[in-house]
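Input: a single structure, listed below in structure tokens.
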Amino acid sequence: MEMLLEEKHRTLRQSVRRFCDRELRPIAAQIDQEARFPWEVIEKMGALGYFGIQVPKTLGGAGLDAVSYAIAIEEISRVSAAIGLCVSVHNSVAVYPIMAFGSQAQIDQWVPPLARGEKIGAFCLTEPNAGSDAGGIEATARSDGDTYVVNANKVFVTNGGIADVCLIFCRTDPAAGRRGISVVVAERGTDGFVVGDLEDLCGMRANPVCSIRLNDCRVPRTNLLAREGVGLKIGLAALDTGRMGIGAQAVGIAQAALEEAVRYARQRQQFGVPIERHQAIQTMIADMATGVDAARLMVYRAAALKDRRLPFSKESAMAKLFASETATRVTDMAVQIHGGYGYSKSYPVERYYRDARVTRIYEGTSEIHRMVIAKSVLEE
Amino acid sequence: MHIIVCIKSVVTDAPRGKIVRRADKCALNPFDRPALEVALQLKEKHGGSVTVLTMGPPSANATLREALAIGAHRAVLLCDPALAGSDTLATSTALSAAVNYLAPFDLILFGSRTLDSDTGQVGPQTAVRLDIPMVTGAVKIDGFPGHLTVERKVDGFLETYELDLPAALTIHPASAAPRDPALGGIAAAFDEMPVETLSIGQVGLDPNQVGDAGSPTRVLSMKPVKKKRTCQWIQGTPATQADDLVRQLVDAGLIG
Ligand SMILES: Cc1cc2nc3c(=O)[nH]c(=O)nc-3n(C[C@H](O)[C@H](O)[C@H](O)COP(=O)(O)OP(=O)(O)OC[C@H]3O[C@@H](n4cnc5c(N)ncnc54)[C@H](O)[C@@H]3O)c2cc1C
């Protein structure tokens, strides 16, 4: 694969890998166990441009392309998927929609501090009664003079515990159904903006995923993205990029699991030989390596299409579906190859296994992805 | 102040002992990173610019761009088929010619050695070719402008030197923690900044001064060393095992 990439992308991978191996690897297991968000590393990442990967330099970003973005997310996730999640969600479903749908004034207000990592972004769509069915949200924004009065109960907000700039999906026209949904930007610290308790998650534990409530929270009308009624369109556009990021994240986790499995299989002896000599182990290694490679190609293809300004929505959905299913299978095999030790916290594969599982759930479940892909295939 | 840092694209992997200088198997020599860091810190303190120079094949381009991403202002690749097979002497002949081409300069920095050949000779030989003062293994550099105060640690002593400029230094790997390239720096280095390529003719060299022709070194043979390892079991309780181990190590002159 590496030979097919541009020099820029190879250099980027090496640089991100060196940074993550030095800064994140020593603490990855610990921040998972303690469910601690590592600000000390996040600040360094902010200074290096990780929070504005595709944002133009004029707005404080790194000005890189989508393939670079995918590689960066993959490499961070190879070491700490929870931090990969933080960077992915911030870049793709928080910063990107503001860039794509915001007015110049909104871009100038929010993007530079977000791109420098001085502020963290979040995407607040899911509610207790609306997950896969985004059109079923109940949050409301009632217009009152030059403000919206927002009432919302958002759950499972990635970065929620630390986010400053939150994209809130809410109904501005309760009578208009799916066409009555809009996105308003709410900032932490506003009266009525309440951060809930952290979710006690199975994986991705270093990410402060939590609920966010807005209780009669007054947000300036100028915080509306684009116009009223296009909320779901903004959401779907954001998720096209977001899914590519989740695909890249799944590839990174799977790659890490593959590397650990190979290392262990070489060193563990049973029946007088390293277990890598047993054909059953070799079969798993072959399937793992093939799956990771295919998933990576699909993610990079979606990114390359985006860089060429070609349609990439279907390819992004396929990449996310395949990469996340691959990551859960590959991490499962890595646990299997480790035997009992794979089920113990003495080895990192149990963390990969827990982290991989959610990639099939968030930013659209595998089931929803299959619906989306089937629809697009059948309509072709 | 104009600082030139000589860097090398080293081979990171030689499958089955065969060296292929392919961009995905090459990286910026880790011992050059502290030298570049020192140059950038001096530039930040005293102003001026940092040029990175390498002699190498076209694939060394990526290494120069990485140095640009880290913060160098100008990147120069001395690349010519006639350079193939250069030993350390021919390399320093070529580098000194390129340095003269880039003159005026105040300081030339080198890493202390390279990951893939590890002679440590190129820096000092280049300084001799240029007829400028050189200190190896520098850990602290001060005293600008005009002259230079350099500290160097050897054999438990701290030596301090004063040098006239221009001068050359090899930088001790522990002297500065190299910075990471910013992601925006990577974008700029690959999308916006140029790498200048020089041929040996442009720097005033003749093909017989460099490459195989200019290299007095002749490698007679090279083969991997097979180490014979034996395993000895030490028996007894943990305490007597430890005593036994210590005694054997003392007897072998390895500790004590
Ligand atoms: C760690 C984590 C982080 C998250 N981060 C965010 C975030 O930042 N922002 C945000 O808005 N949300 C976030 N989420 C929420 C996530 O996107 C939702 O959990 C996901 O969309 C699924 O919704 P649900 O949990 O309500 O499941 P449901 O929608 O209730 O689905 C339950 C099951 O039914 C299936 N199903 C539902 N509808 C259909 C159908 N029509 N046909 C077939 N099967 C169907 C689903 O595939 C699933 O298997 C996060 C979740 C987690 C766990």
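How many angstrom lie between the C-alpha centres of region B:106-130 and region A:16-51? Here the answer is 35 Å between Cα centres.
Would you mind estimating how fast the protein assembly as shown diffuses translationally, via Stokes-Einstein at 20 °C and 1.002 mPa s with the Kirkwood radius over Cα pairs, in µm²/s? Stokes-Einstein gives a translational diffusion coefficient of 78 µm²/s. Rounded to the nearest 20, the Cβ-based charge dipole of chain B about its Cα centre (Lys and Arg +1, Asp and Glu -1) stands at 980 debye.
Shape summary: region B:71-169 maps onto an equivalent ellipsoid whose semi-axes, from the alpha-carbon gyration tensor, are 25, 17, 12 Å in decreasing order. So what's the gap between the Cα centers of region B:193-256 and region A:202-232, to the nearest angstrom? One Cα centre to the other: 58 Å. Once Rh is set to the Kirkwood radius over Cα pairs, what Stokes-Einstein translational diffusion coefficient, in µm²/s, holds for region B:2-209 at a temperature of 10 °C and a viscosity of 1.306 mPa s? Result for D is 93 µm²/s.
When A:L232, B:L158 are sorted by how many other C-beta atoms sit within 10 angstrom of their C-beta, beginning with the fewest, the order is B:L158, A:L232. Which FRET efficiency value, to the nearest 0.05, do you get for B:K45 and B:E162 by plugging their Cβ-Cβ distance into 1/(1 + (r/R0)^6) with R0 = 25 Å? In this case the efficiency is close to 0.85.
What translational D, rounded to a whole number of µm²/s, comes out for chain A from Stokes-Einstein when the hydrodynamic radius is the Kirkwood one over Cα pairs, at 20 °C and 1.002 mPa s? Mind dumping the intermediate values first?
On the way: Rh = 21.1 Å.
Translational D for this selection: 102 µm²/s.
Helix A:7-23 and the longest principal axis of the C-alpha atoms of chain A enclose an angle of approximately 80°.
Going through the DSSP H helices of chain B, which span 18 Å or more along their own axis at the Cα atoms while scoring at least 0.0 as a mean Kyte-Doolittle hydropathy? Can you show the working numbers first?
Values: long enough: B:32-46 (21 Å, -0.79); B:88-102 (21 Å, 0.95); B:238-251 (20 Å, -0.34).
Membrane-span-like by this rule: B:88-102.
Normalised by the empirical 2.2 N^0.38 Å for globular proteins, what value does the Cα Rg of region A:232-378 take?
1.16
Based on alpha-carbon atoms only, what is the radius of gyration of region A:98-215 relative to the globular estimate 2.2 N^0.38 Å? Mind dumping the intermediate values first?
On the way: Rg = 14.3 Å, N = 118, 2.2 N^0.38 = 13.5 Å.
Taking N as the residue count of region A:98-215, the ratio is 1.06.
All C-alpha to C-alpha distances of region A:2-120, sorted into 10 Å bins beginning at zero, yield P(r) values of 14, 46, 30, 10, 0 percent in whole numbers.
Each label was represented as a point 7 Å from its Cα along the Cα-to-Cβ direction; for B:D155 and B:S221 these points are 3.6 nm apart.
Where does the longest stretch of chain A lie that holds no trypsin sites (Lys or Arg not before Pro) found in a DSSP loop with 14 or fewer other Cβ atoms within 10 Å? Present the calculation step by step, with values, prior to reporting the outcome.
On the way: sites that count: A:R36, A:R227, A:R308, A:R309, A:K345.
Looking at chain A, A:37-226 is the longest stretch - no exposed trypsin sites (Lys or Arg not before Pro) with at most 14 other Cβ atoms within 10 Å.
Once every DSSP H run of n ≥ 4 in the protein assembly as shown is given -39500 (n - 2.57) and the sum is divided by its residues, what mean residue ellipticity at 222 nm do you get, rounded to the nearest 500 deg cm²/dmol?
Values: 18 runs with 261 residues, N = 636.
After summing the helix terms and dividing by the residues of the protein assembly as shown, the value is -13500 deg cm²/dmol.
Kindly express, to the nearest 10 degrees and within the range 0 to 90, the angle between helix A:39-48's C-alpha long axis and the longest C-alpha principal axis of chain A. Between the helix axis and the principal axis of chain A, the angle is about 80 degrees.
Among B:D212, A:D108, sorting on how many other beta-carbon atoms sit within 10 Å of each Cβ, with the fewest leading, yields A:D108, B:D212.
Percent antiparallel among DSSP beta bridges with both residues in chain B, to the nearest 5? Around 40 percent of the beta bridges assigned by DSSP in chain B are antiparallel ones. A DSSP coil position with no more than 16 other Cβ atoms inside 10 Å describes the following GluC sites (Glu not before Pro) in region A:1-102: A:E6. Between B:S175, B:A60, B:S92, the Cα set farthest toward the positive side of the dipole of region B:2-209 (charges on each charged residue's Cβ, about the Cα centre) is that of B:A60.
Angle check, please: helix A:231-267 long axis (alpha carbons) against the longest principal axis of chain A (alpha carbons), in degrees 0 to 90, nearest 10. Compared with the principal axis, the helix lies near 20 degrees.
Computed on region B:2-209, with alpha-carbon pairs under 8 angstrom and 6+ residues apart, the relative contact order is 27 percent.
As a rough footprinting exposure proxy, the listed residues B:D155, B:D24, A:D32 were ranked by other beta carbons within 10 Å of their own, and the order from fewest upward is B:D155, B:D24, A:D32.
Only the coordinates and a few stated rules stand behind these numbers; no lab work does. Keep in mind that what you see is a predicted model, and the values were worked out from it rather than measured. Every residue, glycine as well, gets a Cβ built from its backbone with ideal geometry; the counts of neighbours run over all protein chains shown.
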